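Asks: Once you've had a glance at the structure underneath, I'll fire off some questions.
The values are calculated or read from the model by the stated rules, or taken from the named source; none is laboratory data. Source: prediction; values computed, not measured. Cβ sites come from the backbone with ideal geometry, for glycine too, and all protein chains shown count toward neighbours. SASA here: full protein model, heavy atoms, side chains in, ligands and nucleic acids out. Shrake-Rupley method; radii C 1.70, N 1.55, O 1.52, S 1.80 Å.
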Amino acid sequence: MPILAANWKMYKTVAEAEVWLGAVAGRPELELAEVVVFPPLTALHVLRGSGLGLGAQDVGWATEGAFTGMVSAPQLRDAGCAYALVAHSERRRYAGEDDRMAARKIAALWQAGLTPVYCVGEDAAERAAGQGEARLRLQVDTVLDSLGDELGGRLVIAYEPVWAIGSGTPATAEQAGEALALIRERVVGRCGGAAAARLSLLYGGSTSPASAGGFMEQPIIDGLLVGSASLDANSFLAMLEVMVHA
Ligand code: 13P
């Protein structure tokens, strides 16, 4: 089944989330994909029990304690989450998250039985300097170095080139496929063939109903991590439609 993950970022009030869910709930296509919504924490309860997969946009690396502002993996599970984004490029940029912190968060999620969606991708300057691949390798290898040679649970890795996010211009399907092939090779090379069964690969960055089909034609791409095109229920449903029929 294709994976359609919707990252709402810092958008939507409770009332807006209710309207969105009202338009989406009950659609038969939902049964044909692994659909996961990452709403702001304040709207998690709206989607809980809806049948859609539920995730948080960030997670604390500790389990509990005096960590003001953090929400732990067990707390997210308690709130109905089965997934969390880790090290989204906006967390890297605005909250100083790095690959080592990402590894701790992934370990915390596995320990609580949640699925991490680890976000990687080079920025425009790295790409222009021909360092895109090196950046990806470092992002993946640092996490694998810290986590050891076995995956402690399911791992979703999203290739989200920073230059594509919010730009209106996605990477080409071929570029995304090449980056994800490199990522897969790192994980399988390190953790062995058994890890491949626990690994899912997404592309994210300015995806839309128009571009979704092309990405899904790449055999290595399991699904999409969608930002702005997921906010409007109609465009979200249009993407779902394309993906389940691709
Ligand atoms: P856009 O689809 O708005 O470019 O956002 C992508 C993203 O950051 C998803 O996590």
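Asks: Take the Cα of Ala210, step 7 Å along the line toward its Cβ, and report every residue of region 158-179 whose backbone nitrogen sits under 18 Å from that point.
Replies: Only 164-174 pass the distance filter.
Asks: Please compute the net charge surrounding Arg92, taking Lys and Arg as +1 and Asp and Glu as -1 over other residues with Cβ under 15 Å from its Cβ.
Replies: The answer is -2.
Asks: Which value, in debye to the nearest 20, describes the size of the charge dipole of region 1-130 about its Cα centre when Lys and Arg Cβ atoms bear +1, Asp and Glu Cβ atoms bear -1, and nothing else is charged?
Replies: Value, rounded to 20: 140 debye.
Asks: Loop-only check: which GluC sites (Glu not before Pro) in region 85-164 are DSSP coil with at most 14 other Cβ within 10 angstrom?
Replies: Answer by residue number: Glu150.
Asks: Could you tell me the accessible area of Val46 in Å² (1.4 Å probe, neighbours in place), rounded to the nearest ten?
Replies: Using a 1.4 Å probe on the heavy atoms, I get roughly 20 Å².
Asks: Only Cα pairs within less than 10 Å get springs; with that Gaussian network setup on the chain, which residue of Ala108, Ala195, Ala129 has the largest fluctuation?
Replies: Comparing Ala108, Ala195, Ala129 in the GNM, the peak value goes to Ala129.
Asks: Which percent of the accessible area of region 144-246 is formed by carbon and sulfur heavy atoms (probe 1.4 angstrom)?
Replies: 48
Asks: Ordering Tyr83, Tyr159, Tyr11 from largest to smallest accessible area (1.4 angstrom probe), what's the sequence?
Replies: Largest to smallest exposure gives the sequence Tyr11, Tyr83, Tyr159.
Asks: Heavy atoms only, 1.4 Å probe, whole protein assembly: order Leu85, Leu147 by accessible area, highest first.
Replies: So, going from the largest accessible area down, we get Leu147, Leu85.
Asks: With both bridge residues required to lie in the chain, what share of the DSSP beta bridges run antiparallel, to the nearest 5%?
Replies: 0
Asks: With every protein chain left in place and a probe of 1.4 Å, what is the accessible surface of Trp110, to the nearest 10 Å²?
Replies: 40
Asks: With unit charges on the beta carbons (Lys and Arg positive, Asp and Glu negative) and the dipole taken about the Cα centre of region 152-246, which residue among Ala173, Leu240, Val156 sits farthest to the positive side?
Replies: Sorting the options by dipole projection puts first Val156.
Asks: Then there is this: Using a 1.4 Å probe and ignoring any ligands, DNA or RNA, find the accessible area of Cys191 and quote it in Å² to the nearest 10.
Replies: Its heavy atoms expose roughly 20 Å² to the probe.
Asks: Using unit Cβ charges (K, R positive; D, E negative) and no other charged atoms, how large, in debye to the nearest 20, is the dipole of the chain about its Cα centre?
Replies: So the dipole magnitude of the chain works out to roughly 400 debye.
Asks: Could you derive backbone 3J(HN,Hα) for region 59-67 from the dihedral phi with the Karplus parameters 6.51, -1.76 and 1.60 (θ = phi - 60°), listing whole Hz in sequence and x where the residue is Gly or Pro?
Replies: Once rounded to whole Hz, the list reads 8, x, 7, 9, 7, 7, x, 7, 10.
Asks: Quick one: net charge of Lys105's neighbours, Cβ under 13 Å, K/R +1, D/E -1?
Replies: My count for the surroundings of Lys105 gives 0.
Asks: Once R0 is set to 22 Å, what does the formula 1/(1 + (r/R0)^6) return for the Cβ-Cβ distance between Met1 and Glu150, expressed as a FRET efficiency to the nearest 0.05?
Replies: 0.30
Asks: I've got another one for you. Using a Förster distance of 45 angstrom, determine the FRET efficiency expected from the C-beta separation of Ala23 and Val188, and round it to 0.05.
Replies: Approximately 0.70, to the nearest 0.05.
Asks: In addition: With the dipole of region 1-147 worked out from charges on the C-beta (+1 for Lys and Arg, -1 for Asp and Glu) around the Cα centre, which of Val36, Ser72, Leu147 lies farthest toward the positive end?
Replies: The listed residue farthest towards the positive side: Ser72.
Asks: Per residue, how much accessible surface does the chain expose to a 1.4 Å probe? Answer in Å², no decimals.
Replies: Normalised by residue count, the accessible surface of the chain is 45 Å².
Asks: Using the Kyte-Doolittle scale, which helices in the chain average at least -0.5 and also have C-alpha atoms spread 24 Å or more along the helix axis, with helices defined as whole DSSP H runs?
Replies: 173-191
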